[in-house]
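Below: the structure, in structure tokens.
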Amino acid sequence: MTKAKRDILYIHHSGLFGGAPRSLSYIIKNINLDTYNVKLINIAEGPINSFLEKLPGNFEIVTGIKPFHGSTVAPKSIKLFLRNLFFLLPSIYNAYKVIKQNPSDIIHLNSTCLFCFAIALKFISRKTIIIAHVREPLRSTLSGSLTAYFIKNCTDGVIAISDYDLSTLHIEDDNFPKIVVYNFVEESDIPTSSIKNYALHEQLNISKNSFVILYLARFADSNGWKELIEMALKIIPENSNFHFVLVGAHEKEDLNYINNKNIHLLPFQKEVSTFFLNSDLFVCPFVEPHFARGIIEASYAGLPILANNVASVNELVLDGETGFLYNNFLEFKNCLQHLANDSLLRKELGSNGKLYAKENFNLVKQCKKTFDFYDSVKLISTHG
């Protein structure tokens, strides 16, 4: 007898491009469609939906539900906290309607900010597994504490993308299902060649002898892009061949933040192969703990890494082997100049990084961990 398919419902929370929808797309594209019926719902309008609707399974946009922000990605703000509270009850009610209209065996929340679905499921007598993806550390604030409380008490398990992110939930129950599955890379998105084609240099009108330092992340305060520019301005006068290329702006005003011929601010890009292929170094200046997808992609591409030594980020870099971690401006400057002057060291670090990335951020391995977790959690679900 053929085993019946299981219905799985994925919930996403934002209309913008970024690491979270990209990671989710890898999961959906690699799930066994002979085993699962897939549906994806996004609670937000935005440009990402043209990408999400092309994924396997059914796709729908649902309004009337707001994310409850309690992570380091969102700024500390009384206004935001009040907004969280104001929309929580309506969001729970509308989440309840979504679940009733989409009966599922598994619900996978793509962020902890979607815990309203977990609360709503408590009012439905149905054996549905609900899992939350912990994609960012929670703040030690009331919003963060509330998020942690409802995730621990209303979901059946969590998948965290780093050990540090998981630790911010403060899970004391050893039997609570949890796993760390690092984000992963689809190798087809990463250039296989290590030979520059200088397309980026032509685009930016810079010399082929330029030393290109790449930043690839959202232009968010927590990602330290402004701090990187401040450091760059101190370094460029003595290093006129240094070019800092920052990719990830969503707002037009960010593109005009600085006017310097050695600092290039670019909007978010869907296709990033050209940037990896034509850069000499990848830099991650995050000032708040947060997983840096750019690091694992850059490592896959064979670039050495220079990253701020903050939690979560420092899980992705082997200091002295795949790159360097810095703790202050002087260390950043010294490491940067050392790497710029030593091409053999850059090559060695890049080669080490590629091997490390293929072992620890492999798409097939990490997807299997995710799908195996679905199976393990279903045996001990408390819903129903």
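Rule-based calculations on the coordinates, nothing more; no lab input. If you're wondering where the values come from, they're calculated on a predicted model, not measured in any experiment. Neighbour counts run over all protein chains shown; Cβ positions are idealised from the backbone, glycine included.
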Inset, instruction - List every residue whose amide H lies under 5 Å from the amide H of residue 323, counting only residues 5 or more places away in sequence or on a different chain, with H placed 1.01 Å from N in the peptide plane. - result: 305, 318
Inset, instruction - Out of all DSSP beta bridges with both ends in the range 1-148, state the antiparallel percent to the nearest 5. - result: 5
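With viscosity set to 1.002 mPa s and temperature to 20 °C, compute the Stokes-Einstein D of the chain, Rh being the Kirkwood radius across alpha carbon pairs; µm²/s, no decimals.
Details: Rh = 21.8 Å.
Estimated via Stokes-Einstein, D reaches 98 µm²/s.
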Legend entry - Charge dipole magnitude, Cβ of K and R +1, D and E -1 - the chain, Cα centre, debye nearest 20: 1100
Inset, instruction - Distance between Cα centroids, the range 215-262 to the range 1-43: provide it in whole Å. - result: 35
Inset, instruction - Place +1 on the Cβ of every Lys and Arg and -1 on the Cβ of every Asp and Glu in the chain, take the dipole about the Cα centre, and give the residue among 92, 370, 286 whose Cα lies farthest towards its positive end. - result: 92
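Hey, what did the chain get for relative contact order, percent, Cα under 8 Å, at least 6 apart?
Values: 718 pairs, mean separation 55.8, N = 384.
Relative CO of the chain lands at 15 percent.
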Inset, instruction - Kindly work out what percent of the DSSP beta bridges joining two residues of the chain are antiparallel, to the nearest 5. - result: 5
Legend entry - Amide hydrogen neighbours beyond the local backbone of residue 37, cut-off 5 Å, H modeled: 6, 7, 8
Inset, instruction - Return the distance in nm (one decimal) between the two label points of a simple spin-label model at residue 85 and residue 127, each offset 7 Å from Cα along Cα→Cβ. - result: 4.0
Legend entry - Positive-end extreme of charge dipole, the chain - chosen from 307, 110, 188 (charges on Cβ): 110
Legend entry - Label-point separation, residue 369 to residue 260 (7 Å along Cα→Cβ), nm: 3.7
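With the Cα gyration tensor of the range 39-137 giving a ≥ b ≥ c as the square roots of its eigenvalues, does the rule (a/c under 1.5 for rounded; else a/b larger than b/c for prolate; else oblate) give rounded, prolate or oblate?
Working: a/c = 1.67, a/b = 1.23, b/c = 1.36.
The shape class here is oblate.
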Legend entry - Local net charge near residue 40, Cβ-Cβ under 9 Å (Lys/Arg +1, Asp/Glu -1): -1
Inset, instruction - Could you list which residues have their amide H under 5 Å from that of residue 129, counting only those 5 or more apart in sequence or on another chain, with H placed in the peptide plane? - result: 106, 107
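What number of lysine-lysine pairs in the range 73-208 show an alpha-carbon separation below 19 angstrom, given a sequence spacing of 8 or more or placement on distinct chains? Working shown, then result.
Details: 97/122; 97/127; 100/122; 100/127; 122/152; 127/152; 152/178; 196/208.
Counting lysine pairs in the range 73-208 gives 8.
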Inset, instruction - Can you tell me the order of 177-183, 51-57 when each peptide is scored by its average per-residue count of other Cβ atoms within 10 angstrom, highest first? - result: 177-183, 51-57
Legend entry - Per-peptide average of other Cβ atoms within 10 Å, ordering 300-311, 260-271, 134-145 highest first: 300-311, 134-145, 260-271
Legend entry - Separation of the residue 309 and residue 58 label points, Cα + 7 Å toward Cβ, nm: 5.2
